[in-house]
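What follows is a short report on a single structure.
Values quoted throughout were computed directly from the atomic coordinates according to the rules given, and no laboratory measurement underlies them. Remember, it's a predicted structure, so these values are computed and weren't measured experimentally. All Cβ positions, glycine included, derive from the backbone under ideal geometry; neighbour counts span all protein chains shown.
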Amino acid sequence: MPTLTYRHFRDVPESAWRWPSFSPAEIACRGTGAIKINTEAMDKLQSLRNRLGKPLIVRSAYRSPEHNRAVGGAPASMHMQGTAFDIAMSNHDPVAFEAAARAVGFLGFGFYPRSGFMHIDLGPARQ
Ligand SMILES: [Zn+2]
């Protein structure tokens with residue numbers, strides 16, 4: 001899968017960013033500022049945003065290995081590949097959201113109602 005990696009999201013050239021509803025800062029690691037851009041995953045995220053017609057509040061996207069450990073992420077978390085996103089459900093119906101995410105090609109889902117977000121990833125499928 002095509003992946004672009006930068007030590008800090010400020011280093012991402014404008015020409016490399018083609019997802020108008022999101023900024024590199026939203027997708028970057030919240031612990032280090034590093035970013036891994038998986039273009040296939042980002043294309044699906046933008047498709048999901050377009051299909052839903054409402055903002056996607058990104059709680060977590062790319063995570064550096066050290067930040068993933070710090071937040072208790074799974075050891076092989078797809079957040080470290082840039083192929084997973086945690087999206088706030090405050091402005092979405094989880095059922096409609098999951099259906100739309102499946103329709104644009106996301107394969108893995110995890111709903112965390114107490115934390116108020118849904119994890120979506122490019123799979124392999126789970127749960
Ligand atoms: Zn997640």
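I'd like the residue in the stretch 86-119 that is assigned to a loop (DSSP other than H, G, I, E, B) and within 16 Å of the ligand (Cβ to nearest atom) and, out of all such residues, is surrounded by the fewest Cβ atoms within 10 Å (Cβ to Cβ). Steps first, answer last, please.
Initially, the stretch 86-119 is screened for residues assigned to a loop (DSSP other than H, G, I, E, B), giving 89-93, 104-107, 113-116.
Next cut, within 16 Å of the ligand (Cβ to nearest atom) only: 89, 92, 106-107, 113-116.
On the way: Met89: 17, His92: 19, Phe106: 25, Leu107: 15, Pro113: 9, Arg114: 5, Ser115: 12, Gly116: 15.
The residue in question is Arg114.
Of everything in the stretch 1-57, what is of a type in the set (D, E, K, R), surrounded by 13 or more Cβ atoms within 10 Å (Cβ to Cβ), free of Cβ contacts under 8 Å to residues at least 60 places away in the same chain and part of a helix (DSSP H, G or I)? Give them in sequence order. I'd like the intermediate steps shown before the answer.
Applying the first criterion (of a type in the set (D, E, K, R)) to the stretch 1-57 yields 7, 10-11, 14, 18, 26, 30, 36, 40, 43-44, 49, 51, 54.
From what is left, the residues that are surrounded by 13 or more Cβ atoms within 10 Å (Cβ to Cβ) are 11, 26, 30, 36, 40, 43-44, 49, 51.
In the following step, the residues that additionally are free of Cβ contacts under 8 Å to residues at least 60 places away in the same chain were identified as 11, 26, 30, 36, 43, 49, 51.
Scanning the stretch 1-57 gives Asp11, Glu26, Asp43, Arg49, Arg51.
Let's see how each residue does on (1) in contact with a strand residue (DSSP E or B) (Cβ under 9 Å, 6 or more places away or on another chain); (2) within 23 Å of Thr5 (Cβ to Cβ):
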position	(1), (2)
Met42	no, yes
Asn50	no, no
Lys54	no, no
Glu66	no, yes
Met78	yes, yes
Gly82	yes, yes
Asn91	no, no
